[in-house]
Amino acid sequence: MLGDTKLKTLQELIDNSTQEELIWISGYLAGLLRNGAPAEPATKPAVQKLTLAFGTDTGNSKKLASTFASKAKKSGVHVKLQSLDQYRLSDLPKEEYFLVVISTHGEGEPPAAAKKFYDYIHENTARLDKLNYAVLALGDTSYPLYCKAGEDVDVRLQTLGAARLLPLQKCDTDFETEASAWFEDVLKTLGTAPSTTRSAPVVHKKSHHKRNYLGTILSNVNLSGRGSEKQTHHIEIEASDVDYQPGDSIGIVPENPSEIVEAVLQLVNASGNKKLLYREEEITVYDLLKKKLNIVYLPERVVKQYAAIVMQEIPSTRIDLLNLLKIYPVKDAAHFEEVIGILEPITPRLYSIASSLAAHSGEVHLTVALDHFTVNDEVGHGLCTNYLVNLPEHTSFEFYIHKNSEFKLPQASKDIIMIGPGTGIAPFRSFIEERDASGASGRNWLFFGDQHFQSDFLYQTEIQSYLQTGALTRVDVAFSRDQPEKVYVQHKVRAKGQEFYQWLEAGACVYLCGAKEPMGVDVEDAVVQVIREFGNKTTEQAQGYLSQLKEEGRYQKDVY
Ligand SMILES: Cc1cc2nc3c(=O)[nH]c(=O)nc-3n(C[C@H](O)[C@H](O)[C@H](O)COP(=O)(O)OP(=O)(O)OC[C@H]3O[C@@H](n4cnc5c(N)ncnc54)[C@H](O)[C@@H]3O)c2cc1C
Ligand SMILES: NC(=O)c1ccc[n+]([C@@H]2O[C@H](COP(=O)([O-])OP(=O)(O)OC[C@H]3O[C@@H](n4cnc5c(N)ncnc54)[C@H](OP(=O)(O)O)[C@@H]3O)[C@@H](O)[C@H]2O)c1
Ligand SMILES: Cc1cc2nc3c(=O)[nH]c(=O)nc-3n(C[C@H](O)[C@H](O)[C@H](O)COP(=O)(O)O)c2cc1C
């Protein structure tokens, strides 16, 4: 079809092109034919405009999306970078190229900031035939529902008729390398975007494993004094090569109590020494039940699968494996192995780091409150807190660092206000140590609260000493149960509203840590009230002021 000269030129071009350039050329030509568009200079990417939306809770997706946006801009692509909570949903059907970077939180849920978008695409049926998309899913392989939110978004967009540019990429907590490689692929594909096929198969690339550290308990002390209703421990862990920043947390996969594992094995008459293959590793049944699989408070989905195995009707409820086996027994040890197959991994728990490397090199400190609950008049304890508070000195265990780029100290000269009742104090001990060690010039104001002054003033001596040295500028405390009426940190915030507002006006950053509800919500309401009252604003204006603080990274929270 081509004359000799053209054929020779084409052959030369092919011979001198790399594999990647050939793919680009092929897509470029396909696009040209499909769109009937005039040829553009080959130096320009075929796609010149795209939207990069991120859904984040602790900032990883945002950080990646921002890096990608600047890379894409350098490649000549115009990028609209947006958080999913700011994204105008009515724009979605008009989009042509749409990249989503989204993490998973809770139990397989989207981050709160992505919930509106997630619900919208799942509740709406409007076709997205114009849309070409790719999803980068951040998650953690230790969770049973790994990267579930990203998976759901990827599947749903395709169901709505959008074309997948690239297979879904899932990333574990060490996501940097894989995420960058994914984006390189995206950029290459954008050069050949028109050649994408609708319904490309999902191929999961193998994830890198996360970086685990080996920690050894240096000390494990109950901070709660005599008469306290709580048991809050200060735990010091040695890990010589550990690296983190104030505001980060550690992730721990707790072990199940030995007596429960033994009771389960005895009940089903199984040997703990038998070896099974689990995640490409040979492991004894005992270790599998002790260290890997969740056997307490099984989720309803697992109970449902159990019911199918024992062929019984079981009400949909959460229950421990031991009780399940007692009420709905398996036939024998072989039958029990089927049950092992449906058990999910133990979910990691996060703990805010309460130390700074500047003050304690090679160490991680934690503030852990023993979780207790009551079922049928019997007190139970949370799995991980019970495991941690009982770890003796010199015990070693694995952990990993969960980075949180949305909870970070500002420049040294900026003032900070820290509000952290109960274990919410933990990251602020880290903040204060860091600022003290580095001689930061900004002022530091701490609000702390707990049940009783006598027994629950966590880190009282340290806090008083920081006040004396000036490392802490101000401290306000609220002991909720030392008087007939409850007094909480937000009451102190309101009582000091004028100074609080002055600090805000002078550029202070506010940090909030501790229980998400109701504390986190009530404190935020109090901050709005202070801004309204002392800034002479309407409620709407005060809320706008707070939104602005959030946008500027001057109001950060880490609540759980
Ligand atoms: C970013 C972040 C930072 C955090 N920082 C800290 C910190 O610094 N300090 C701290 O102490 N915590 C912190 N947490 C909370 C911590 O991760 C855990 O959620 C908490 O310690 C409880 O864990 P657990 O394993 O002991 O309890 P779990 O075993 O997970 O139990 C939690 C709850 O589930 C229910 N439950 C569990 N088992 C049963 C059962 N058999 N029957 C009925 N109900 C049951 C109970 O309501 C119980 O209270 C943080 C969380 C996050 C996300
Ligand atoms: N099961 C739950 O619903 C729940 C909720 C939060 C924390 N926890 C768990 O409880 C353990 C201990 O938590 P913690 O020590 O960090 O703190 P905490 O138990 O939440 O209590 C710290 C202080 O905050 C006060 N507080 C209670 N409600 C508040 C509100 N609405 N606003 C402001 N302050 C409020 C408490 O007062 P009073 O206790 O006197 O009211 C107490 O003085 C952790 O294991 C955590 O996981 C469980
Ligand atoms: C409280 C909590 C719950 C989580 N739940 C899941 C989960 O169910 N599945 C998963 O794959 N990852 C889960 N993760 C891991 C996060 O998705 C992972 O840390 C990710 O890098 C966070 O990205 P972000 O900072 O953009 O939110 C969870 C993390 C936290 C803190």
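Please treat every number below as a calculation from the coordinates, not as lab data. Remember, it's a predicted structure, so these values are computed and weren't measured experimentally. Note that each Cβ is placed from the backbone with ideal geometry, even for glycine, and that neighbours are counted across all protein chains shown.
Things worth noting here:
- Between amide H atoms placed 1.01 Å from N, distances below 5 Å from K414 occur with G442, all of them 5 or more places distant or on a separate chain.
- Convex hull (Cα only) mean projected area of the chain, reported in nm² to one decimal: 33.2 nm²
- For the listed residue pairs K116/K210; K73/K557; K63/K408; K49/K188; K492/K550; K73/K188, the alpha carbons are over 19 angstrom apart in K116/K210; K73/K557; K492/K550.
- Counting neighbouring Cβ atoms within 10 Å and putting the fewest first, the residues K116, K8, K188 line up as K8, K116, K188.
- From the C-alpha gyration tensor of the range 411-476, square roots of 5λ in Å: 21, 12, 10
- Helix 176-191 vs. the chain, principal-axis angle (Cα, 0 to 90°, nearest 10): 30 degrees
- Relative contact order, whole percent, for the chain stands at 12, derived from Cα pairs under 8 Å and 6 or more residues apart.
- Look at where the Cα atoms of the range 344-383 and of the range 164-179 average out, and the two centres are 29 Å apart.
- Each of F448, Q460, A412 was scored by the projection of its Cα onto the charge dipole of the chain, and the greatest displacement toward the positive side belongs to A412; charges sit on the C-beta of Lys, Arg, Asp and Glu.
- Rg/Rg_globular for the range 40-118, with Rg_globular taken as 2.2 N^0.38 Å and Rg from C-alpha atoms: 1.19
- Computed from phi, the 3J(HN,Hα) profile of the range 225-239 under the Karplus parametrisation 6.51, -1.76, 1.60 (θ = phi - 60°) reads x, 4, x, 6, 8, 10, 9, 10, 9, 9, 10, 10, 10, 9, 8 Hz, with x in place of Gly and Pro.
- Cβ-based net charge around I319, under 12 Å, with every Lys or Arg adding one and every Asp or Glu removing one: +1
- Convex hull volume of the range 288-385 per residue (C-alpha atoms, cubic angstrom): 120 Å³
- Compactness of the range 416-559 was expressed as the Cα radius of gyration divided by 2.2 N^0.38 Å, which yields 1.01.
- A simple charge model with +1 on the Cβ of Lys and Arg, -1 on the Cβ of Asp and Glu and nothing else charged puts the dipole of the chain at about 1660 debye relative to its Cα centre.
- Net charge of Cβ neighbours under 15 Å - reference P518; Lys, Arg +1; Asp, Glu -1: -1
- Kirkwood Rh and Cα Rg combined as Rg/Rh, the range 49-192: 0.93
- Amide hydrogen proximity for Y278: with H placed 1.01 Å from N in the peptide plane, the residues at 5 or more positions away or on another chain lying under 5 Å are I283.
- Estimated translational D of the range 236-293 in µm²/s (Stokes, Kirkwood radius over Cα pairs; 4 °C; 1.567 mPa s): 93 µm²/s
- Relative contact order [Cα under 8 Å, 6+ residues apart], the range 242-386, whole percent: 31 percent
- Residues whose amide H comes within less than 5 Å of that of V101, counting only those at least five positions distant or on another chain, are A53, F54, G55, L136 (H built at 1.01 Å from N in the peptide plane).
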